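Supplied in structure tokens, the structure appears directly below.
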Amino acid sequence: MGRGPTHDLVQHAALGTDDELVRDGGGMTSPRPGPVPRAEPPPDVAEVVLRLQSEGLRLAVTTEGRKGGAGPSDVGMIWVEDLALTLDTDPSRVWQSPFELRDDEAGPAIYEHGRRVAGARTQSRPRYYDLETSDGVPYWKIALLHLDSLASTVLQTCAYWGNEDQCTFCGIGVTLEAGRTIAKKTPAMLAEVAVAARDLDGAVDVTLTTGSTRGPDRGALYVGQCGQAVKRASGLPVEIQFEPPEDLDVIDQIADMDAADTVGIHVETFDPAVLSRVAPAKARTGIEHYFAAWERAVARFGPGQVTTYVILGMGEDPELTIEGCRRAIELGVYPFVVPLRPVAGSLMADWTPPDPASVEQVARRLTPFLRAKGIGADTAKAGCSRCNACSPMAAVERSLLQIGPKPVVAARA
């Protein structure tokens with residue numbers, strides 16, 4: 001999920017991953033036999049995903065979701081066809097959306113103005129949420145299940161929160177202030193929860209992020225210790241997310257620890273003017289230091305196993321965005337492009353998500369660069385890029401390149 005971590009994500013998944021997951025209801029819905037009303041020809045799923053992320057979804061069928069916090073925040077979680085998706089389902093905001101999640105003869109489906117446009121699958125409340133540690137900490141306060149990916153902010157405090165350096169899109173402190181998480185998760189706690197999420201709910205990977213610290217490593221070594229413990233205990237692939245450390249040898253230390261399969265080092269935007277406005281501390285770090293950190297990380301973790309969040313809709317120059325992403329891709333970095341979905345309690349809470357057409361244009365322009373480099377949403381071993389629920393990138397890549405559906409990994413009932 002620091003501001004380099006996912007919690008910095010915006011509504012997506014910035015990752016304040018430890019906010020309380022609340023059910024919009026329901027359980028996993030099994031397909032039932034019978035004819036399926038289907039539009040002819042079926043719409044491009046990429047188009048449906050882009051518009052759902054912008055316009056939200058009305059619910060006539062219940063599904064698990066997240067309430068409050070840094071991100072993915074105030075969202076419902078579903079699979080559309082076989083693509084994971086987080087999207088706005090708050091009735092007060094989506095009542096005018098043309099999209100509705102309904103049951104039909106084949107199970108849940110997405111309808112637009114009464115016409116079926118895509119199949120869907122819902123998520124039930126994870127079983128491990130009912131467990132707690134020996135000293136009484138509920139497992140859901142330690143890590144949450146985002147569809148099939150376990151996620152946690154290991155330090156729910158940040159050196160930039162509540163001062164002039166606060167990232168305007170982030171809500172890391174909101175979750176803690178609401179009492180829905182704990183300030184520090186230990187490696188042992190996270191390992192215990194990861195095993196339970198794997199065994200009880202079919203978690204397939206783990207994403208660990210952290211608030212930034214004042215130390216020269218910016219919190220990277222601690223989240224690395226947590227990743228190491230989770231990998232050893234659960235055997236699950238792990239992504240860890242952190243800001244670029246002052247000394248890039250820290251990245252080598254993390255690699256030598258076998259702490260992660262994938263790392264996320266999040267620049268948030270390639271437009272220097274926007275970065276100065278939305279993330280002052282990151283701006284002082286400088287975009288060139290991000291490139292240096294990515295280069296070091298790719299050398300240790302491999303092409304496609306280093307990612308960076310790129311948030312669209314904060315007033316950035318599209319050409320600077322494309323050029324920065326292209327240059328990152330050339331290094332072997334996967335730019336995880338996400339539309340801004342403002343977080344309640346953040347300094348950008350009143351902003352409006354970007355137009356889906358502008359997001360699609362960026363995603364479509366990046367796809368040829370990704371394919372030329374041989375990386376994409378289908379190559380990451382763990383983390384946000386593997387899940388891709390908060391981004392349209394996987395859907396657009398598939399649409400443009402006619403990549404077949406990836407196997408669906410169903411969470412255990």
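Kindly provide the set of residues from the stretch 320-361 that are in contact with an Asp or Glu (Cβ under 8 Å, 6 or more places away or on another chain) and among the polar types (S, T, N, Q), ordered by number.
The answer is Thr321, and nothing else.
How many residues, within the stretch 146-158, are over 14 Å from Val238 (Cα atoms) and touching a helix residue (DSSP H, G or I) at 6+ places or on another chain (Cβ under 6 Å)?
2
Still on this structure: Return yes when Ala196 is at pLDDT 95 or above and closer than 15 Å to Lys231 by Cβ and no when it is not.
Spelling it out, it is not the case that Ala196 is at pLDDT 95 or above and closer than 15 Å to Lys231 by Cβ.
Please determine whether any residue of the stretch 70-82 is more than 21 Å from Ser149 (Cβ to Cβ) and modelled with pLDDT of 85 or more.
The answer is no, given that none of the residues of the stretch 70-82 is more than 21 Å from Ser149 (Cβ to Cβ) and modelled with pLDDT of 85 or more.
A follow-up question, please. Would you please name the residue that is most open to solvent (accessible area, probe 1.4 Å), looking only at residues in the stretch 201-240 that are at positive phi and of a type in the set (Gly, Ala, Ser)?
Out of the qualifying residues, it is Gly235.
Out of curiosity, is Thr379 modelled with pLDDT of 95 or more and either surrounded by fewer than 24 Cβ atoms within 10 Å (Cβ to Cβ) or closer than 19 Å to Leu85 by Cα (or both)?
So Thr379 fails the test.
Turning to a different aspect of this structure: Could you tell me whether the stretch 359-374 includes any residue that is surrounded by 17 or more Cβ atoms within 10 Å (Cβ to Cβ), in a loop (DSSP other than H, G, I, E, B) and either modelled with pLDDT of 95 or more or in contact with a strand residue (DSSP E or B) (Cβ under 7 Å, 6 or more places away or on another chain) (or both)?
Among the residues of the stretch 359-374, not one is surrounded by 17 or more Cβ atoms within 10 Å (Cβ to Cβ), in a loop (DSSP other than H, G, I, E, B) and either modelled with pLDDT of 95 or more or in contact with a strand residue (DSSP E or B) (Cβ under 7 Å, 6 or more places away or on another chain) (or both), which makes the answer no.
Within the stretch 136-143, does at least one residue satisfy the condition of being at pLDDT below 95 and either in contact with a strand residue (DSSP E or B) (Cβ under 6 Å, 6 or more places away or on another chain) or open to solvent by 10 Å² or more (accessible area, probe 1.4 Å) (or both)?
No, the stretch 136-143 has no match at all.
Give me a count of the residues in the stretch 314-336 that are surrounded by 20 or more Cβ atoms within 10 Å (Cβ to Cβ) and modelled with pLDDT of 95 or more.
So the count comes out to 11.
Looking for something within 30 Å of Asp247 (Cβ to Cβ), in a loop (DSSP other than H, G, I, E, B) and among the polar types (S, T, N, Q) - is there at least one such residue anywhere in the stretch 132-140?
The answer is no, given that none of the residues of the stretch 132-140 is within 30 Å of Asp247 (Cβ to Cβ), in a loop (DSSP other than H, G, I, E, B) and among the polar types (S, T, N, Q).
Against the conditions (1) open to solvent by less than 30 Å² (accessible area, probe 1.4 Å); (2) part of a helix (DSSP H, G or I); (3) acidic (Asp, Glu), where does Glu243 fall short? Just the number, please.
(2)
Residues that are closer than 24 Å to Thr321 by Cα, of a type outside the set (Phe, Trp, Tyr) and in contact with a strand residue (DSSP E or B) (Cβ under 9 Å, 6 or more places away or on another chain): does the stretch 281-288 have at least one?
yes
The values are calculated or read from the model by the stated rules, or taken from the named source; none is laboratory data. Everything numeric in this text was worked out from a predicted model, so none of it was measured. Note: ideal-geometry Cβ built from the backbone for every residue, glycine included; neighbour counts use all protein chains shown. Heavy atoms of the whole protein, side chains included, go into the accessibility calculation; ligands, DNA and RNA do not. Shrake-Rupley method; radii C 1.70, N 1.55, O 1.52, S 1.80 Å.
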